[in-house]
Amino acid sequence: MDCARLLGKRTRRATSIAAGDAPVGKSADFSRTCENGLLEYARKTVAHHIGITKQVAGSVPPVTACNLVGVRTDRIFARLEQEPARPLTPPPGMSGTRKTLFFTTLGLYATIVAAVLTTSRLVRLDWQVMLFRPYKQWPELHAFLDYFVVLGQRGPTAVLVAAWLGWRSWRQRTLRPLLALGTSLLLLNLTVGAAKLGMGREGPHYANRIGANEMFLSGDIFPSGHTANAVVTWGILAYLATTPRARRWLSVVAAVFALGVGATTVYIGTHWVSDVLLGWAAGLLILLALPWFEPLVTRVEAYLLSRWYRLREGAASLPGRLWPAGARTSPAARLGRVEARRSGRSEPSLSAPLPADRPGRAADPRSHHPAHARQHSVRPDRSPATPGGSRRPYGERTVSRTAPLGPRK
């Protein structure tokens, strides 16, 4: 395939050629990029890729094409392998900024609950949005948002995030990602579940009286579980990020999913606006409080890893305890004996060497199989043989093996 078609215009912006360091300008002929056989692209243009070409004989390469051999992707595949050691980055601590954000969010949480309890303007906004019925104003979005709201359901999102963090745990040789996810989901179930059952607010589709706050009834929608779950499950990825760049990008992704899921529940009509606001605050409180639980996560990880190492050591020493060295009836010995019988060969020596403290037994002439014992030949059958070695005819036998004892009549 022609190199220009394969690589496109990016190769015109190459910064160096490995052998000669000859600069390549924007107006240079494309064939100059294949000179000396190795072209390294600029890192900002093609990251982690090195184009390898064939050597060109002569100072002036052909003008038509560039003989591309392959593209190296070593760095990409190296990121999929297990790291040689655990990361040395300490877990985040409860800094002053985080404490300020936590208590500010906690104050916002209490303010929203008080505004709903007192049937303030926030409850009036709830009813105005519900009577506006967004799902009837923009019905073309309904099909897509029915699937998008799944990103806030606890089951599917927990499975997806747990699979990703499980791979992270294997690669980094640590259980902290999975334990942090489990801790956050446990806090989510305890705090949000208790608030739902304690305040018992009815949803928009089950409202009894226009303008009422619908509190302390038989409902369980305040705060919004979908919204809080989206904040926690996607936000935990940003919390566990190991680089500032990854943390920024994952924070943006988590914010988009959390805001989108909350707005979708209002659009569909399953939650009030105040439910979504309280769900955002509840999820953010859990993420901000996670550093307080890091010592517990560390102790649990140390306990689980110690138990795992003990199990591995016990499993490794189990065959030695069951079949110690020198055992004559081990499974390997019996298997070798059966295979020798099936193949018709002589059986291998299955006896183990005697210990060094009993040397007399090896040279004992009364041993069961002395070294000077005569090897018996194997007869093909049990019929008697003549001195010449030939077998007698069957009819020449004088006495049958099954004949009765006593004189003949």
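The values are calculated or read from the model by the stated rules, or taken from the named source; none is laboratory data. Only a predicted model underlies this, so the values are computations on that prediction, with no experimental measurement involved. Cβ sites come from the backbone with ideal geometry, for glycine too, and all protein chains shown count toward neighbours. Side chains included, ligands, DNA and RNA excluded: accessible areas come from the protein's heavy atoms. Shrake-Rupley method; radii C 1.70, N 1.55, O 1.52, S 1.80 Å.
Answer yes or no as to whether L117 is of a type outside the set (V, I, T), modelled with pLDDT under 85 and out of contact with any Ser or Thr (no Cβ under 7 Å at 6 or more places or on another chain). So that I can check it myself, show each step before the final result.
Details: of a type outside the set (V, I, T): yes; modelled with pLDDT under 85: no; out of contact with any Ser or Thr (no Cβ under 7 Å at 6 or more places or on another chain): yes.
No.
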Review point. Of all the residues that make up segment 115-130, how many are without any contact (Cβ under 8 Å) to a residue 60 or more places away in the chain and under 13 Å from Y267 (Cα atoms)?
Key: 1
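Condition (residue is farther than 19 Å from T157 by Cα and assigned to a helix (DSSP H, G or I)) applied to segment 206-221: is it met by at least one residue?
Residues of segment 206-221 that are farther than 19 Å from T157 by Cα, as a first pass: 206-221.
Next, only the ones that are assigned to a helix (DSSP H, G or I) stay: 206.
Yes, some residue in segment 206-221 is farther than 19 Å from T157 by Cα and assigned to a helix (DSSP H, G or I).
Step by step: first the residues of segment 198-230, then only those that are hydroxyl-bearing (S, T, Y) and out of contact with any His (no Cβ under 9 Å at 6 or more places or on another chain), then the one that is least open to solvent (accessible area, probe 1.4 Å). Which residue is that? Write out each step before concluding.
Initial filter on segment 198-230 (hydroxyl-bearing (S, T, Y)): 206, 218, 224, 227.
Keeping just the survivors that are out of contact with any His (no Cβ under 9 Å at 6 or more places or on another chain) gives 206, 218.
On the way: Y206: 157, S218: 102 Å².
By that ranking, first place goes to S218.
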Exercise for review: Determine whether segment 236-244 contains at least one residue that is surrounded by fewer than 20 Cβ atoms within 10 Å (Cβ to Cβ) and either modelled with pLDDT of 95 or more or not in a loop (DSSP other than H, G, I, E, B) (or both).
Suggested key: yes
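For T270, state whether it is surrounded by fewer than 21 Cβ atoms within 10 Å (Cβ to Cβ) and within 20 Å of T183 (Cα to Cα).
Working: surrounded by fewer than 21 Cβ atoms within 10 Å (Cβ to Cβ): yes; within 20 Å of T183 (Cα to Cα): no.
When the stated conditions are applied, T270 does not pass them.
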Check your understanding: Of everything in segment 161-178 that's in contact (Cβ under 8 Å) with a residue 60 or more places away in the chain and open to solvent by less than 40 Å² (accessible area, probe 1.4 Å), which residue is farthest from L305 (Cα to Cα)?
Key -> V161
Exercise for review: Return the total of residues in segment 130-145 being open to solvent by 70 Å² or more (accessible area, probe 1.4 Å) and assigned to a helix (DSSP H, G or I).
Suggested key: 8
Check your understanding: Of (1) free of Cβ contacts under 8 Å to residues at least 40 places away in the same chain; (2) aromatic (F, W, Y); (3) open to solvent by less than 40 Å² (accessible area, probe 1.4 Å), F103 satisfies all except one. Which?
Key -> (3)
Revision key, fill the gap. Per the filter on segment 88-129, residues under 40 Å from the mean Cα position of the chain (by Cα), closer than 21 Å to A282 by Cβ and not in a helix (DSSP H, G or I) are P92, M94
Exercise for review: Test L277 against the stated conditions and say whether it is buried (at least 21 other Cβ atoms within 10 Å of the Cβ), touching a helix residue (DSSP H, G or I) at 6+ places or on another chain (Cβ under 7 Å) and either of a type in the set (D, E, K, R) or assigned to a helix (DSSP H, G or I) (or both).
Suggested key: yes
Practice item. Output the residue which, of all residues in segment 151-160 that are within 17 Å of V261 (Cα to Cα) and either modelled with pLDDT of 95 or more or open to solvent by 50 Å² or more (accessible area, probe 1.4 Å) (or both), is farthest from the chain's Cα centre (by Cα). Key: Q153
Check your understanding: In segment 180-204, how many residues are farther than 23 Å from T118 by Cβ, of a type in the set (A, V, I, L, M, F, W, C) and touching a Phe, Trp or Tyr at 6+ places or on another chain (Cβ under 9 Å)?
Key -> 2
